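**Student:** This is the structure, below, for whatever I ask next.
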Amino acid sequence: MTDNKTSASETPFEADFNGLPAFDVLCPADQRLPYVFNSPHSGRQYSKDFLASSRLDENSIRRSEDAYVDDLFAHVVPLGAPLLRAHFPRAYLDVNREPYELDPKMFDGRLPTYANIRSIRVAGGLGTVAKIVSENHEIYRHRLPVEEALNRVEEIYKPYHTTLRRLLAQTHVTFGYAVLIDCHSMPSSVKCQTTDTRPDFVLGDRYGTSCNSDLTDFAYSILKNLGFNVSRNKPYAGGFITEHYGRPASGLHALQIEINRGLYMDETTHQPSVGFGDLFNALREFARELTSMPDAALPADSIAAE
């Protein structure tokens with residue numbers, strides 16, 4: 001049997017991702033592992049309309065993109081785990097935020113009263129509909145109609161999270177617990193806050209609250225044994241997805257992994273580098289070892305939670 005792909009339906013408003021759905025799921029023919037992999041920021045389909053609304057060129061707007069992270073984890077599908085991946089770019093919509101973290105200064109029209117307009121991420125220009133990419137480069141030429149932001153949430157954000165919840169629920173029912181690996185990348189300039197070194201990987205478990213510590217320990221030791229410099233929770237402890245879905249006491253574990261982009265791509269041209277193949281092979285070994293973690297390593301009450 002071959003692996004399957006399921007897609008989100010085309011959105012009814014203007015969103016166009018160059019003929020691709022907003023996101024899709026790469027499904028193994030038979031899910032053999034209690035793992036779900038998620039790549040929410042690797043989307044790289046920029047429509048002509050979106051680019052026309054931006055003051056940035058096609059290269060500059062990609063600075064916040066986790067380029068090729070979905071490709072780096074494609075090996076998990078034949079291993080027996082589903083991979084949810086975005087085709088829409090992070091600059092267009094960020095599903096690793098609350099659904100309505102929105103900056104009222106970006107829009108013409110009034111946001112709903114339940115919008116979170118004062119979060120630290122909104123203040124930094126990185127809300128659900130971002131104002132900037134990378135180092136304070138503003139995205140839009142003009143204010144957007146407020147309906148545009150709300151449509152993106154309704155037609156893409158909510159279906160994306162519905163799909164992620166379904167994958168985790170199905171996995172939990174099948175195996176008694178579920179592990180979400182939330183896959184991201186980070187600029188090569190990022191340094192650990194305490195040691196001033198540049199990590200190859202940062203593992204984020206919300207300081208032990210989003211997954212069992214044995215899982216984080218195991219992932220850390222695998223990457224260290226593969227020769228990588230690994231940091232835990234600094235400078236990235238995990239975002240909305242890790243915090244929202246990680247409920248270890250209920251048998252739902254969420255671990256965020258950040259990969260140094262300098263390992264596999266040219267950050268100026270956004271093209272894969274000669275290191276891509278080596279990193280792909282290393283991550284394949286990492287995934288094989290991580291998913292071999294015995295059930296007994298997780299708390300018994302978590303496994304029995306269902």
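**Student:** Can I241 be described as among the β-branched types (V, I, T), at negative phi, crowded, with 20+ Cβ neighbours inside 10 Å and over 16 Å from the mean Cα position of the chain (by Cα)?
**Tutor:** On the way: among the β-branched types (V, I, T): yes; at negative phi: yes; crowded, with 20+ Cβ neighbours inside 10 Å: yes; over 16 Å from the mean Cα position of the chain (by Cα): no.
No; evaluated as a whole, the condition is false for this residue.
**Student:** I'm trying to understand the selection: among the residues of the stretch 205-225, which are small (G, A, S) and within 14 Å of V179 (Cβ to Cβ)? Reasoning before the result, please.
**Tutor:** As a first pass, look at the stretch 205-225 and keep what is small (G, A, S): 208, 210, 213, 219, 221.
Those that are small (G, A, S) and within 14 Å of V179 (Cβ to Cβ): S210, S213, A219.
**Student:** Among the strands (runs of 3 or more DSSP E) contained in the stretch 1-70, which hold 2 or more residues that are modelled with pLDDT of 95 or more? So that I can check it myself, show each step before the final result.
**Tutor:** Numbers: elements: 4-7, 23-27, 35-39.
Here the list reads 23-27, 35-39.
**Student:** Scan the stretch 177-231 for residues that are without any contact (Cβ under 8 Å) to a residue 12 or more places away in the chain and touching a strand residue (DSSP E or B) at 6+ places or on another chain (Cβ under 7 Å) and report the count.
**Tutor:** 1
**Student:** Can you name the condition, by its number, that A81 falls short on among (1) farther than 25 Å from V179 by Cα; (2) buried (at least 21 other Cβ atoms within 10 Å of the Cβ)?
**Tutor:** (1)
**Student:** Here is a follow-up. Search the stretch 31-47 for residues being closer than 19 Å to R165 by Cα and not hydrophobic (A, V, I, L, M, F, W, C), and hand back the single one that is surrounded by the fewest Cβ atoms within 10 Å (Cβ to Cβ). Steps first, please.
**Tutor:** Step one: of the stretch 31-47, the residues closer than 19 Å to R165 by Cα are 31-41.
Imposing the further condition that a residue be not hydrophobic (A, V, I, L, M, F, W, C) reduces the set to 31-32, 34-35, 38-41.
Numbers: Q31: 18, R32: 13, P34: 23, Y35: 23, N38: 31, S39: 25, P40: 27, H41: 26.
Only one residue fits best here, namely R32.
**Student:** Step by step: first the residues of the stretch 133-167, then only those that are under 28 Å from F37 (Cβ atoms) and either aromatic (F, W, Y) or in contact with an Asp or Glu (Cβ under 7 Å, 6 or more places away or on another chain) (or both), then the one that is surrounded by the most Cβ atoms within 10 Å (Cβ to Cβ). Which residue is that?
**Tutor:** The residue in question is Y157.
**Student:** Which fully enclosed helices (runs of 4 or more DSSP H) of the stretch 104-185 have 2 or more residues being closer than 30 Å to L263 by Cβ? Before the answer, list the steps.
**Tutor:** Working: elements: 120-123, 146-152, 158-175.
Those helices (runs of 4 or more DSSP H) span 120-123, 158-175.
The values are calculated or read from the model by the stated rules, or taken from the named source; none is laboratory data. Just so it is clear, the structure is predicted and the values come from calculations on it, not from any experiment. Glycine gets a Cβ as well: all are built from the backbone with ideal geometry, and neighbour counts include every protein chain shown.
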